[in-house]
Amino acid sequence: MRPKIIFILFLTAYLVKSSGQSKEVFKYEPYFNAVIVKAIDSSSVWYKTVFEMKVINRINDSLQGIRVVIMEATNFLLELIENKSWPDQKKLLLREPAGTRIQGFFKIGFKTASIDNCLKHLAELRIIPERIYRDSKTKKRNFLINDPDGNLIQFFE
């Protein structure tokens with residue numbers, strides 16, 4: 001009888017513990033972004049200069065007219081894609097109202113420990129944001145710049 005009671009107590013304790021454990025939270029972290037560009041060579045130089053990235057791979061598919069450059073920084077992987085057969089977005093939107101976008105990603109955002117150092121780095125490269133925004137609640141600043149193809153990049157402090 002005693003072994004049976006011990007077994008029942010053990011089983012009850014195990015079941016209570018198992019049912020009380022929450023499901024593990026889905027975890028993720030940013031891995032990479034892909035950006036469509038018109039001129040991959042000049043764009044890769046720009047990203048290398050601004051973000052201190054290095055090229056880790058190049059893919060040239062001459063049959064499909066696609067060129068890809070994969071770049072890496074300490075905590076960021078970027079894929080630049082050039083496809084000469086894709087239509088030019090600016091030409092497609094030529095007669096549309098200002099600010100009209102084609103469906104897809106709107107911008108890439110980065111958090112920086114020092115927005116002043118970020119602004120200084122960009123100023124040395126002659127990249128000056130048009131406006132610096134300040135959050136009315138937190139008073140933290142952010143700003144936008146464009147890459148050579150007009151893709152938006154935002155920095156947050």
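Below, the figures for the structure above:
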item: Nitroxide proxy distance, nm - points 7 Å out along Cα→Cβ at Phe32 and Leu92; result: 2.3
item: Percent RCO, i.e. relative contact order, over region 27-84, from Cα pairs under 8 Å lying at least 6 residues apart; result: 41
item: From phi via Karplus (6.51, -1.76, 1.60), per-residue ³J(HN,Hα) for region 140-157 in Hz, x at Gly/Pro; result: 6, 9, 8, 7, 10, 10, 10, 7, x, 9, x, 5, 7, 10, 10, 10, 10, 8
item: Computed label-point distance, nm, for sites Lys140 and Lys111 using a 7 Å Cα→Cβ extension; result: 0.6
item: Net charge of Cβ neighbours under 10 Å - reference Lys38; Lys, Arg +1; Asp, Glu -1; result: -1
item: Mean separation of Cα contacts under 8 Å (6+ apart) over length of region 105-157, as relative contact order %; result: 45
item: Two-site label geometry, Gln64 and Phe156: point separation in nm, points 7 Å out along Cα→Cβ; result: 3.3
item: Entries in Lys38/Lys107; Lys38/Lys111; Lys111/Lys137; Lys48/Lys139 that, when Cα-Cα distance is taken, lie over 24 Å; result: Lys38/Lys111; Lys48/Lys139
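Values quoted throughout were computed directly from the atomic coordinates according to the rules given, and no laboratory measurement underlies them. Remember, predicted model here, so these are calculated numbers, not experimental data. All Cβ positions, even for glycine, are placed from backbone atoms using ideal geometry, and neighbour counts span all protein chains on display.
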